[in-house]
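All remarks here apply to the structure that follows.
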Amino acid sequence: MLNLAAGKIYLCLEPTDMRKSFDTLALMVRDHLQGDPQSGSWFVFRGKRGDRLKILYWDGDGYALWQKRLEAGTFEFPKVIGEAAGVEIKATDLALILGGVALNATRRMRFTRPVTPV
């Protein structure tokens with residue numbers, strides 16, 4: 001379970017290959033986002049199709065990696081004007097993203113299970 005009371009949270013705005021793991025994502029944080037992966041901040045990466053998401057963070061004695069895949073829909077990141085590799089967001093914004101809410105939406109889209117005939 002993620003604790004949303006974490007320090008800073010950064011979104012990587014470029015689509016990321018979801019096959020990447022701890023060390024490669026940490027390298028992306030350093031090179032692409034110009035951040036420190038061991039700072040205690042969370043770094044959020046989204047897959048190319050938008051239906052997969054990974055969060056990398058330093059847990060005091062090692063990296064932790066959390067991931068989620070949506071069965072329908074995509075994770076909606078905020079629209080950023082201009083060129084930026086990443087953007088800092090608040091924990092409430094991350095909670096909305098994880099819940100399937102587009103940050104600029106007026107209504108929440110929810111996943112519903114398809115009914116299977118008996």
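The values are calculated or read from the model by the stated rules, or taken from the named source; none is laboratory data. In this text, all values refer to a predicted model and were calculated from it rather than measured experimentally. Virtual Cβ from ideal backbone geometry, glycine too; neighbours counted across all protein chains shown. Areas reflect the complete protein model, heavy atoms only, side chains present, ligands, DNA and RNA absent. Shrake-Rupley method; radii C 1.70, N 1.55, O 1.52, S 1.80 Å.
Before moving on, here are some points about what is shown:
- Residue count, region 53-92 (criterion: part of a loop (DSSP other than H, G, I, E, B) and of a type in the set (Val, Ile, Thr)): 3
- Qualifying residue in region 60-82 (condition: at pLDDT below 90 and of a type in the set (Lys, Arg)): yes
- Residues in region 30-52 that are in contact with a strand residue (DSSP E or B) (Cβ under 7 Å, 6 or more places away or on another chain), under 15 Å from GLY86 (Cα atoms) and not in a loop (DSSP other than H, G, I, E, B): TRP42, PHE43, VAL44, PHE45, ARG46, GLY47.
- Residues in region 12-26 that are loosely packed, with under 15 Cβ neighbours inside 10 Å, in contact (Cβ under 8 Å) with a residue 24 or more places away in the chain and not acidic (Asp, Glu): PRO15, SER21, PHE22.
- Residue that is surrounded by the most Cβ atoms within 10 Å (Cβ to Cβ) [pool: residues in region 32-75 that are aromatic (Phe, Trp, Tyr) and more than 14 Å from the chain's Cα centre (by Cα)]: TRP58
- Close pairs (8 angstrom Cβ cut-off, 6 or more residues apart or separate chains): among the β-branched types (Val, Ile, Thr) in region 28-40, open to solvent by 70 Å² or more (accessible area, probe 1.4 Å) anywhere: VAL29/ASP36
- Restricting VAL87, VAL29 to residues that are open to solvent by less than 70 Å² (accessible area, probe 1.4 Å) and modelled with pLDDT of 90 or more narrows the list to VAL29.
- Condition met for ALA95 (of a type in the set (A, V, I, L, M) and touching a His at 6+ places or on another chain (Cβ under 9 Å)): no
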